[in-house]
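Worksheet: the structure to be examined is printed underneath.
The values are calculated or read from the model by the stated rules, or taken from the named source; none is laboratory data. Treat the numbers as computed from the prediction; the structure is a model and nothing was measured. So basically every Cβ, Gly included, is an ideal-geometry build from the backbone, and we count neighbours across all protein chains shown. Ligands, DNA and RNA are stripped out before the accessible areas are found, and what is left, the full protein with its side chains, is counted by its heavy atoms. Shrake-Rupley method; radii C 1.70, N 1.55, O 1.52, S 1.80 Å.
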Amino acid sequence: MLVAIGVLALVILLSLSVGNKALPPLQVWQSLIAPGDSYADAVVNSRVPRTVLGVLVGAALAVSGVVMQGLTRNPLGDPGLLGVNAGAAASIVTAVAFFGVPSAAPTVWVALPGAFLAVVIVHLLGSGPRGGKPLRLVLAGAVVTAVIAAYVQALSLSLPDVFDSYRYWVVGSLAGRDPAVIADILPFVLVGLALSLVLGPGLNALALGEDTATALGAHPTRTRLTGAVATTVLCAAATAAAGPIGFVGLAVPHIVRGFTGGDHRWLLAYSVILGPVLVLAADLIGRVLVRPQELMVGVVTAFVGGPMLLVAVRRMRAGR
Amino acid sequence: MTAPVASGSHHRPVVRVGDALSIPYSRRGVVVFAVLVLVIAAVAVITLTAGRLGIELPNLLPALLSDPGGKEGFVLGRLRGPRLAVAVATGATLGVAGTLFQTVTRNPLGSPDVIGLGAGAAAGAAAAGLLWPGVIPIPAGALLGASIAMAAVWLGTGRGFSSPSRFIIVGIGVSAMGYAFTQYVIARSGREQATVLASYLNGTLASRSWGDAAVIWAALAVLLPAALLLGRRLLLIEMGDETADALGGRSGRTRLLSIAVAVCLSAAAVSVAGPVAFVALTAPQIARRLGRMAGAGIVLSAATGALLLATADLLVQQAPFDVHLPVGILTAAVGGVYLGYLLIREWKKGTI
């Protein structure tokens with residue numbers, strides 16, 4: 001745990017110091033504890049919101065991934081794969097197009113209904129009478145994503161202004177977001193994280209199967225409901241702030257499971273820390289790889305996370 | 001071509017071309033095919049005649065036979081003619097590609113849209129068009145992207161294409177990567193370019209030229225016979241690899257060849273029309289139900305695909321909106337819903 005926190009601190013420091021203007025870590029530290037108005041301070045200041053956002057988004061996505069995988073007892077649960085991000089995106093684009101919400105600042109409230117709807121549809125589609133098998137849920141997610149994407153494309157192509165802001169947002173990026181966004185999503189992320197962290201024992205019970213869980217005195221229905229709310233809130237917040245970033249919710253739980261085992265309490269705790277590490281690291285890679293331009297974090301996570309999907313599938317087969 | 005062998009109770013009628021090719025067909029299949037062709041013709045006539053710019057019905061035949069000038073020449077030669085030709089051929093191409101993929105993966109969901117081929121081709125096209133303009137032509141970029149995506153899926157599954165469900169999941173991952181890459185290219189480029197590219201990436205038939213039509217018809221002319229040649233062995237593959245091998249189906253090689261042909265077909269379709277979603281997925285399914293045939297009804301799928309795309313494009317052209325949306329959006333919306341229906345049906349049967 002200490003190692004994980006250490007890694008997070010290191011990544012945060014790097015995130016503040018690396019970029020088009022690289023600063024020595026020592027100077028970053030000075031600017032943080034004793035802010036002046038030197039050039040270095042300005043640079044650090046400009047990187048602070050981005051880093052904070054990365055931490056919030058990373059924690060939110062990773063934890064929602066754990067909860068989703070626990071709830072569906074499905075190692076392929078990921079907000080991106082299951083269409084929740086697409087749902088949030090659709091509802092934001094709708095709001096911008098029809099209700100005159102300023103496209104610069106999509107709020108969490110706007111993203112919520114779409115995300116929730118997507119969660120419900122995917123669960124309805126994916127959980128049949130004999131319980132949802134992993135492939136089923138993923139395919140249901142792919143269907144939902146495809147239909148929603150068609151809708152979003154139709155809207156954004158007919159309204160050039162919407163398209164123009166949408167195409168920057170949809171890649172998933174931490175850069176150039178309004179610092180006010182952080183204040184906007186902070187309460188949602190905190191509530192979502194709190195809800196999720198108390199779910200640990202419930203998810204552990206659920207992992208034994210519905211009947212066993214009930215026999216052990218757990219409340220599967222209550223756990224499911226809380227979990228659904230928590231994942232929706234977390235995904236909506238993360239998506240509203242940074243755009244749809246895929247695969248964080250898939251990759252982090254799988255990495256964590258490698259050294260904690262299947263206990264959801266530990267999974268959740270580690271994900272809170274390692275989610276930000278993954279997102280910030282992806283952001284860093286994006287900044288360094290094609291300097292002086294930047295690769296959006298969503299692009300990097302897709303290329304890191306796509307192979308993770310494969311690892312997950314192989315592990316799944318090996319386990320059975 | 002010799003006359004069909006008489007149909008007894010044990011033999012299905014067969015069309016033979018020498019010793020190389022023999023295609024079994026059923027009466028029902030022939031009737032359905034004829035009906036499909038008639039409906040396609042009807043859709044084509046409506047496409048050319050409907051709307052403000054349409055050629056009036058009595059003038060259509062003379063206009064087709066002679067070389068008309070003026071408005072009719074413009075509509076037929078530039079505006080709607082090439083577009084219609086591209087729509088029919090692209091639809092047919094997608095239908096065949098879908099059939100090949102679905103047969104190889106033994107799963108209706110294993111079609112190019114789901115397994116990342118379209119996304120790969122789109123990413124390739126985007127890169128060729130905007131990121132490195134002028135280095136490689138867009139169709140070559142699409143083929144390159146599609147091939148890379150398929151190679152990634154092939155390597156990713158670890159056992160080639162023999163495990164359908166793993167194949168699909170890996171495909172979804174690859175398609176997410178392709179999609180992310182495309183979004184990155186769009187975000188990087190200027191607004192005008194981005195709009196054009198975005199509409200191409202949805203699959204559009206607007207302002208196609210006779211050059212596009214020539215490309216896709218040529219591809220169809222080469223690849224459709226190849227697909228038909230593979231059809232017989234594909235039927236064996238549907239029975240399972242071991243049975244197929246025992247019957248001389250050479251499952252591994254047949255699978256590889258089919259995928260190669262299907263990738264070429266898909267890339268050809270993408271290069272002229274963009275990744276039009278879900279035609280490849282739905283056409284074989286509909287064709288199968290219409291023909292009530294087990295197995296790869298390649299010709300029927302081609303006709304169904306052509307009909308689907310021509311109809312979708314007609315609807316998009318005549319839709320009462322101010323903006324002409326790309327046809328791919330319509331097919332994605334309708335096809336997506338159909339895919340959902342398909343999923344539920346498959347689950348009830350318990351095949352996934």
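Residue A:219 accessible area, nearest 10 Å², 1.4 Å probe?
Number for this one is 90 Å².
Mind putting a number on the dipole of chain B about its Cα centre? Charges go on the C-beta only, +1 for Lys and Arg and -1 for Asp and Glu, and I need it in Debye to the nearest 20. Walk me through the numbers before you get to the answer.
Working: 26 positive and 14 negative charges, 151 e Å.
Computed about the Cα centre, the dipole is about 720 debye.
Am I reading the A/B interface right? What is its buried accessible area, both sides, 1.4 Å probe, to the nearest 100 Å²? Mind dumping the intermediate values first?
Working: alone 14630 and 16970 Å², together 27790 Å².
Buried: approximately 3800 Å² between B and A.
Rank these by accessible area, largest first, 1.4 Å probe: A:51, A:94. Spell out each step's value before the answer.
Working: A:51 5, A:94 30 Å².
These residues rank, largest area first, as A:94, A:51.
Which whole-number value in Å² is the accessible area per residue of region B:31-349, probe 1.4 Å?
On the way: 12580 Å² over 319 residues.
Heavy-atom accessible area per residue stands at 39 Å².
With all protein chains present and a 1.4 Å probe, how do A:235, B:264 order by accessible area, largest first?
On the way: A:235 0, B:264 60 Å².
Largest accessible area first, the list is B:264, A:235.
Each residue of region B:220-232 in turn: what ³J(HN,Hα) in whole Hz from Karplus with 6.51, -1.76, 1.60 and θ = phi - 60°, glycine and Pro shown as x?
5, 5, 7, 8, 4, x, 4, 5, 5, 4, 7, x, 4
How much accessible area does residue B:80 have with a 1.4 Å probe, in Å² rounded to the nearest 10?
Approximately 20 Å² for this residue.
Going from most exposed to least, what order do B:348, B:71 have by accessible area with a 1.4 Å probe? All intermediate terms of the calculation are to be shown ahead of the outcome.
Details: B:348 160, B:71 100 Å².
Ranking B:348, B:71 by accessible area, largest first, yields B:348, B:71.
To the nearest 10 square angstrom, what accessible area does residue A:315 show with a 1.4 Å probe?
Result for residue A:315: roughly 110 Å² accessible.
What part of the accessible area of the protein assembly as shown, given as a whole %, is carbon or sulfur when the probe is 1.4 angstrom? Before the final figure, lay out the partial values.
Numbers: 19070 of 27790 Å².
Ligands and nucleic acids excluded, carbon and sulfur give 69 percent.
Quick check: net charge around residue B:56, other residues with Cβ under 15 Å of its Cβ, Lys/Arg +1 and Asp/Glu -1? Write out the running numbers ahead of the final one.
Details: positive: B:52, B:71, B:80; negative: B:72.
Summing Lys/Arg as +1 and Asp/Glu as -1 gives +2.
Show that you can apply the helix-only estimate: for chain B, add -39,500 (n - 2.57) for every DSSP H stretch of four or more residues, divide by all residues, and state [θ] at 222 nm to the nearest 500. Numbers along the way, then the final one.
Details: 14 runs with 242 residues, N = 352.
Calculated mean residue ellipticity at 222 nm is -23000 deg cm²/dmol.
Got the relative contact order for chain B handy, in percent, Cα pairs under 8 Å and 6 or more residues apart? Present the calculation step by step, with values, prior to reporting the outcome.
Values: 567 pairs, mean separation 90.2, N = 352.
Relative contact order, chain B: 26 percent.
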